[in-house]
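Peer 1: Structure provided below as structure tokens; questions to follow.
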């Protein structure tokens, strides 16, 4: 029976889901590293069970890395865990240096001067800006022309009543085609409404681009305030190799994106027939070979497992042989055994039961290598 997953829809519900299924809370350090590597935004933009399972695995790997960094492993390993004190400090110093360079970027300064009145935003201002549908829809010139303060307004979507022929025409139309307006309130001014002959969110979803930092993975219209911030952040990504989320957070708040000595980017593909989970490490050039070896050993053990059955050339040949010649129709396992024994005399089977048992014993070990949610079948 297929495993079903209740898919969380927001960042807070995703963290609660991970806490529940890991049976221990996700630490703030692990959560921030997952956010910096765009793991959270990637799941929220494509909420599939496979992506959710992959996110859970990466949370386990990162959590174990942080745990090892808090206790001294036995033997010659450095006392701080995977990374030496020098490597950890070098990453921190380099992170601050890149942030200083980015602070002087003309586009970053322009955004903060024109949009934020000269400085980065605090957490409350960021939440208010990201939650404004007007900031997702309208350009900065719109706010300037209307005298609407970018950081001190409330925007909402309201339904507009249908009248006359349009009412009869749209009676059986899809709800996404209903008429709506964006209503903006600020100070003691009279609310401003901008009507549209369509559903606002549907329009943004159809034409907008994803804003990675948005807690709901929402889209923004091209040319809007948040889209302009996204474009500036995207240019920083190309220069400083930051993640989309980290670059957008930097433009908004000035928070320094952290450079890690070794990063494990998400790399996972799977169906019911296979799991492809390569271990991809992005390594700073000043990290020692010993650190790389320890990091790989730790990640390999977590991703691939420590109790996997060893695979032989015979197992691989049998796996491919059976998938190319499946026992179906008039072809029986004994027919397969006779054909196999003719081609592979050194690996001949005395009876078809032994052949079938060995195939099933190693089939999932080969197909689902790197997927810890799969278990070897006896």
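The values are calculated or read from the model by the stated rules, or taken from the named source; none is laboratory data. This is a predicted model, so every value here is computed, not measured. No Cβ is skipped: glycine too gets one built from the backbone with ideal geometry, and neighbour counts run over all protein chains shown.
Peer 1: Out of everything in the stretch 27-46 that is at pLDDT 70 or above and under 10 Å from the mean Cα position of the chain (by Cα), what residue ends up being surrounded by the fewest Cβ atoms within 10 Å (Cβ to Cβ)?
Peer 2: The qualifying residue surrounded by the fewest Cβ atoms within 10 Å (Cβ to Cβ) is 35.
Peer 1: Any chance the stretch 276-287 includes a residue that's in a loop (DSSP other than H, G, I, E, B) and within 22 Å of residue 130 (Cα to Cα)?
Peer 2: Checked the stretch 276-287: no residue is in a loop (DSSP other than H, G, I, E, B) and within 22 Å of residue 130 (Cα to Cα).
Yes/no per residue for (1) under 19 Å from the mean Cα position of the chain (by Cα); (2) at pLDDT below 90:
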residue: 174; (1), (2): no, yes
residue: 182; (1), (2): no, no
residue: 193; (1), (2): no, no
residue: 212; (1), (2): yes, yes
residue: 217; (1), (2): yes, yes
residue: 221; (1), (2): no, no
residue: 227; (1), (2): no, no
residue: 231; (1), (2): no, no
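Peer 1: Suppose the filter is more than 14 Å from the chain's Cα centre (by Cα), surrounded by fewer than 20 Cβ atoms within 10 Å (Cβ to Cβ) and part of a loop (DSSP other than H, G, I, E, B); does residue 256 pass it?
Peer 2: Judged against the criteria, residue 256 is a match.
Peer 1: While we're looking at this one, here's another question. Run down 252, 211 and say which single residue is in contact with a strand residue (DSSP E or B) (Cβ under 6 Å, 6 or more places away or on another chain) and in contact (Cβ under 8 Å) with a residue 60 or more places away in the chain.
Peer 2: Only one candidate passes the filter, namely 211.
Peer 1: Could I ask something else about it? Any residue that is touching a residue at least 60 places away in the same chain (Cβ under 8 Å) and in contact with a strand residue (DSSP E or B) (Cβ under 6 Å, 6 or more places away or on another chain) - is there at least one of those in the stretch 198-206?
Peer 2: Among the residues of the stretch 198-206, at least one is touching a residue at least 60 places away in the same chain (Cβ under 8 Å) and in contact with a strand residue (DSSP E or B) (Cβ under 6 Å, 6 or more places away or on another chain), which makes the answer yes.
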